[in-house]
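Read the figures in this text as sums done on the coordinates, not as results from a lab. If you're wondering where the values come from, they're calculated on a predicted model, not measured in any experiment. Neighbour counts are summed over all protein chains in view; Cβ atoms, including those assigned to glycine, are modelled from backbone coordinates with ideal geometry.
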2 protein chains.
Amino acid sequence: MDNETPRTIQSVERACAILEKIHQDREVTLTDLAEDIDLSLGSLQTYMNTLCRCGFVVKESRTYSLAPQFLIYGEQVRNTLPLYHVGRKVVDNMAHETGYNAHLITDHNGREVTLYQSFGEDSVGTDLYIWHQAKLEWQLHWSASGKAILAHLPEKQVRSVIRENGLQRRTPHTITDEETLFTELERIREQGYALNDEEEISGLRAVAAPIHDQQERLLGSVSLSAPKSELPDDRFYDELPNYVMNKANIIQVELQARDVNEE
Amino acid sequence: MDNETPRTIQSVERACAILEKIHQDREVTLTDLAEDIDLSLGSLQTYMNTLCRCGFVVKESRTYSLAPQFLIYGEQVRNTLPLYHVGRKVVDNMAHETGYNAHLITDHNGREVTLYQSFGEDSVGTDLYIWHQAKLEWQLHWSASGKAILAHLPEKQVRSVIRENGLQRRTPHTITDEETLFTELERIREQGYALNDEEEISGLRAVAAPIHDQQERLLGSVSLSAPKSELPDDRFYDELPNYVMNKANIIQVELQARDVNEE
């Protein structure tokens with residue numbers, strides 16, 4: 001069996017595809033679903049009845065959307081990660097100390113997942129970051145936190161993420177060439193931090209550092225972002241990288257202290 | 001067809017039951033699943049392959065847990081609710097002004113769902129509230145925010161919530177008698193706010209007010225919680241109810257302003 005594709009269940013795959021379509025479009029009617037999912041309206045109705053009955057989808061008049069159950073399950077994912085519990089306090093602290101936006105990021109199938117973020121007094125772009133958490137399409141190569149993660153994944157995995165997702169352009173500064181990205185990841189590993197110089201949003205800079213556990217397994221990254229006007233070159237290239245690396249260091253130590261405590 | 005139970009798909013229901021079992025136990029092996037789900041290990045394996053492939057479950061060695069995709073879908077549920085965007089700022093403000101814990105709550109199938117919460121300087125019980133967000137079993141009748149919601153649901157719906165969930169006891173002060181609860185809900189409607197006097201956690205008090213939209217539809221509630229030592233009777237019965245009702249009022253006005261703006 002090892003070399004064969006594992007068996008799967010078609011109706012469950014279809015239900016998952018329906019959920020993904022609802023996630024992409026925020027709300028859908030049966031007719032909207034029928035455009036993407038190759039099933040009759042009657043069969044789609046049966047799927048929707050099932051997903052509503054199980055509490056994963058809610059129906060309002062003719063429109064379906066994702067149910068609050070996802071919020072609860074999602075909070076469990078967040079809460080079971082020690083990185084979240086330890087990182088939350090450090091990230092609040094970073095936002096408070098700098099006035100910028102601080103983020104705690106991990107990855108899932110080559111995409112960015114925000115575990116926690118905190119907005120400082122001089123916070124800019126808050127709406128974007130709040131919505132960002134709800135989007136599966138957020139890619140790793142255009143942000144500092146994402147590049148800090150990519151730099152510490154095995155090369156084979158990075159190549160497969162690129163094959164899967166491509167290197168979409170966000171701004172004129174986004175790295176969209178595979179070899180340029182690999183050179184950048186090499187530099188990130190050498191210097192210990194990643195920079196995003198208007199690669200995600202024009203006018204926005206960010207600095208990130210990776211977080212590893214005791215076994216040197218990559219857990220995620222921590223970052224600060226602020227408008228360029230707040231981060232002139234000396235602050236962006238010289239001061240902030242050390243600050244962010246120190247915070248990553250604190251998170252790593254706290255995680256180990258927690259592990260030792262639970263032994 | 002109207003009087004018949006709508007048709008559903010058994011394999012999708014099973015997949016949902018598997019996800020719920022993983023949610024309850026946080027992480028499971030195939031053998032754990034087989035205890036609750038009436039399927040052979042081989043069939044369960046096929047279900048798990050499917051859920052992993054669709055990105056809803058992750059496998060680490062022999063253990064399955066919910067995938068970060070739930071976090072992203074859950075953030076979408078949160079983000080599509082105007083109540084969250086408007087309430088977030090008010091709740092941060094409440095925590096900052098009082099030093100207590102402030103919560104923005106909605107309901108799903110008779111259970112409490114935390115949309116947002118903010119911890120003030122004198123915050124107590126933070127860990128409980130953080131974990132609370134990840135639990136489906138949190139019931140409406142034992143908290144101030146939950147009772148504020150129950151008081152504004154149709155009586156038929158409240159009776160059906162009670163039939164479904166029961167009135168579980170949390171502390172010696174929890175209301176566990178149906179008619180006592182209905183008297184309490186009547187009082188909450190008259191006075192415009194709900195109190196929780198050590199009904200959820202011994203030593204903890206909370207005050208909540210309901211939030212309605214322009215069409216007088218119930219959206220959720222906003223609340224403050226603090227230890228009894230911080231909330232002596234005068235503050236608990238006299239000052240805080242007005243404070244919390246004022247904040248609910250602000251949220252309602254902001255929601256309507258937003259609606260008018262989007263027309």
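General observations
- Scanning segment A:216-227 for any residue that is over 25 Å from A:L153 (Cβ atoms) and in contact with a Lys or Arg (Cβ under 7 Å, 6 or more places away or on another chain) turns up at least one such residue.
- For segment B:36-59, the set of residues classified as surrounded by 15 or more Cβ atoms within 10 Å (Cβ to Cβ) and hydroxyl-bearing (S, T, Y) consists of B:S43, B:T46, B:Y47, B:T50, listed by residue number.
- Residue in segment A:143-157 that is in contact with a Pro (Cβ under 9 Å, 6 or more places away or on another chain) and within 21 Å of B:G55 (Cα to Cα) present: yes
- Selection within segment B:180-224 - of a type in the set (S, T, N, Q) and either without any contact (Cβ under 8 Å) to a residue 40 or more places away in the chain or farther than 16 Å from B:N246 by Cα (or both): B:T180, B:T183, B:N196, B:S202, B:Q214, B:Q215
- Residue in segment B:78-93 that is within 21 Å of A:F70 (Cα to Cα), in contact (Cβ under 8 Å) with a residue 60 or more places away in the chain and touching a strand residue (DSSP E or B) at 6+ places or on another chain (Cβ under 6 Å) present: yes
- Whichever residue in segment B:12-35 is within 16 Å of A:Q76 (Cβ to Cβ) and not charged (D, E, K, R) and, among such residues, is surrounded by the fewest Cβ atoms within 10 Å (Cβ to Cβ): B:Q24
- Residue within segment B:121-144 that is of a type in the set (D, E), out of contact with any strand residue (DSSP E or B) (no Cβ under 8 Å at 6 or more places or on another chain) and surrounded by fewer than 21 Cβ atoms within 10 Å (Cβ to Cβ) present: yes
- For B:Y73: the one exception among (1) free of Cβ contacts under 8 Å to residues at least 24 places away in the same chain; (2) surrounded by fewer than 20 Cβ atoms within 10 Å (Cβ to Cβ): (2)
Residues checked against (1) closer than 13 Å to A:V222 by Cβ; (2) in a strand (DSSP E or B):
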residue	(1), (2)
A:T106	yes, yes
A:L115	yes, yes
A:D122	no, no
A:I130	no, no
A:E137	no, no
A:H141	no, no
A:G146	yes, no
A:L153	no, no
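- Scan of segment A:98-121 for residues that are in contact with an Asp or Glu (Cβ under 6 Å, 6 or more places away or on another chain) and of a type in the set (S, T, Y), ordered by number: A:S118
- Qualifying positions in segment B:5-25 - among the acidic types (D, E) and either facing chain A (nearest Cβ under 7 Å) or within 12 Å of B:L44 (Cβ to Cβ) (or both): B:E13
- Within segment A:37-65, tally of residues that are outside any helix (DSSP H, G or I), in contact (Cβ under 8 Å) with a residue 24 or more places away in the chain and within 15 Å of A:I18 (Cβ to Cβ): 6
- Scanning segment A:66-103 for residues that are away from chain B (no Cβ under 14 Å) and not in a helix (DSSP H, G or I) yields A:G99, A:Y100, A:N101, A:A102.
- Within segment A:122-177, considering residues that are touching a residue at least 24 places away in the same chain (Cβ under 8 Å) and among the acidic types (D, E), the one farthest from the other protein chains (Cβ to nearest Cβ): A:E155
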